[in-house]
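*Asks:* Pasting a structure here, questions to come.
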Amino acid sequence: MSAFATTLATALAPSNLAARKCFARQRVSAGAKNAIVVKPQRALPTIASIRQQQAPAQAFRKAVETRNSVRMGIPSKGRMAEETMELLNACQLKVRKINPRQYAAEIPNVPGMEVWFQRATDVVRKLDSGDIDIGIVGYDMLREIGNENPDLVVVHDALGFGGCHLAVAVPQAWDNVNSMRDLLSDKRWSKERPLRVVTAYMNLATQFFKDQGFEHVELTTADGALEAAPAMGAADCILDLVSSGVTLRENNLKQIEGGRVLESQGVLVASRTALLNRPGTLEIIHEMLERLEAHLRAEGLFMVTANVRGKDAAEVATQLAANGGQLLRGLQGPTISPIYTPSSDGSPSKEGSFFAVSLAVPKARIYETVKQLRKEGGSGVLVFPLTYVFDEEPPRWTSLMNNLGLDARNYDHLKVGQ
């Protein structure tokens, strides 16, 4: 018998045919009692009951001593990748790829740190395993993949991009289901016919429905196009990320009260083990925090400068405080400095001294501020955007050091070469 004939005979054997022909029966709806949908079992996604779901096994973690370099992981594709690069560029942390085909890169302004482009899920997994020390990722991925791992420390929780929320959405045709309480009390769900939920967030979904008191839930995972699942009859509802909500509405789905699982945006994360044991990691985090905080705080702020006549700086400050109130306060108070204004013959002006008044104001209040300064005799008003606003020390740095049990002013033992 030829090899082809042997292979064909094996494939057509009754036991193999039965294995290859696995079909699952599934009710289409409560109204169509006799309707049966047959679909190949091998195409089915992963399914888990929340009563059977087990905690994921802990990943093997590599020892700090296995390498000397500090590594940061950032998303390699999609909107998160683009907005991560935009933020780093704005903070003078431009990523440079030596070879565009490689996944490794560097930030010239942060010597001693490698940058690795990874899928968002793998950024968290590699933080967990010790393959990288720092990462930028969505908070939703951190919670789903990180699964409350105490070694993963959120260094900056609001990078200002990737804003969305994870929520339950049900068909709009369900007029009587407008809240999680309605969904829980729905008599359609039972042990024999559980609520079928499709999601890419199995860990978060499991915990959420358990906390909500659901007993009869079947969670199904899929890679994309979750919004189509209810219309196809593959699921009753979905749990997915929502930004504007347009995609939900266009697929005849609606969010319900109490169905928000969490809010998400880009976050900066670091490994506690690396921060405490890998020399240089804490230094790099400090510099990155300073740059990020300074840039993000400056976003939307403009400097307004005007020349105001007065006897001295104290008189101008008192005048502005009395008439301008909070509007002319700036960040901590107006900056007032004297202006040398000579007369035509070069001698000091006899018309009174001028002082430059500078205020940092939000974009929405620029014109209001300019009008008030004019009322106070201001002229020559200049307005320009701010790039950075540096504090004495970033508040998040102090919080991080407290979290790590370290003195924010004395961590020399964790610096390179110490």
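The values are calculated or read from the model by the stated rules, or taken from the named source; none is laboratory data. Keep in mind that this is a model prediction, so the values were computed, not measured. All Cβ positions, glycine included, derive from the backbone under ideal geometry; neighbour counts span all protein chains shown. SASA here: full protein model, heavy atoms, side chains in, ligands and nucleic acids out. Shrake-Rupley method; radii C 1.70, N 1.55, O 1.52, S 1.80 Å.
*Asks:* Within the group ILE98, ILE107, which residue is modelled with pLDDT of 65 or more, under 27 Å from the mean Cα position of the chain (by Cα) and farther than 24 Å from THR221 by Cα?
*Replies:* Among ILE98, ILE107, only ILE107 is modelled with pLDDT of 65 or more, under 27 Å from the mean Cα position of the chain (by Cα) and farther than 24 Å from THR221 by Cα.
*Asks:* Assuming GLY130 fulfils every condition listed in (1) in contact (Cβ under 8 Å) with a residue 24 or more places away in the chain; (2) open to solvent by 40 Å² or more (accessible area, probe 1.4 Å); (3) among the small types (Gly, Ala, Ser) apart from one, which condition is it?
*Replies:* Condition not satisfied by GLY130: (2).
*Asks:* Okay, next question. Would you be able to say whether some residue in segment 294-312 is touching a Cys at 6+ places or on another chain (Cβ under 9 Å) and either polar (S, T, N, Q) or under 24 Å from THR121 (Cβ atoms) (or both)?
*Replies:* No, segment 294-312 contains no residue that is touching a Cys at 6+ places or on another chain (Cβ under 9 Å) and either polar (S, T, N, Q) or under 24 Å from THR121 (Cβ atoms) (or both).
*Asks:* Quick one: which helices (runs of 4 or more DSSP H) lie wholly within segment 191-285 and hold at least 3 residues that are crowded, with 22+ Cβ neighbours inside 10 Å and either among the polar types (S, T, N, Q) or under 25 Å from the mean Cα position of the chain (by Cα) (or both)?
*Replies:* Per the criteria, 202-211.
*Asks:* Assess whether ASN178 counts as being in contact (Cβ under 8 Å) with a residue 12 or more places away in the chain and under 30 Å from ARG119 (Cβ atoms).
*Replies:* So ASN178 fails the test.
*Asks:* Right, ASP122: surrounded by 21 or more Cβ atoms within 10 Å (Cβ to Cβ), more than 14 Å from the chain's Cα centre (by Cα) and not β-branched (Val, Ile, Thr) or not?
*Replies:* It is true that ASP122 is surrounded by 21 or more Cβ atoms within 10 Å (Cβ to Cβ), more than 14 Å from the chain's Cα centre (by Cα) and not β-branched (Val, Ile, Thr).
Yes/no per residue for (1) among the hydroxyl-bearing types (Ser, Thr, Tyr); (2) out of contact with any helix residue (DSSP H, G or I) (no Cβ under 9 Å at 6 or more places or on another chain); (3) surrounded by fewer than 20 Cβ atoms within 10 Å (Cβ to Cβ):
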residue: MET72; (1), (2), (3): no, no, no
residue: PRO75; (1), (2), (3): no, no, no
residue: ALA105; (1), (2), (3): no, yes, yes
residue: TYR139; (1), (2), (3): yes, yes, no
residue: ARG143; (1), (2), (3): no, no, no
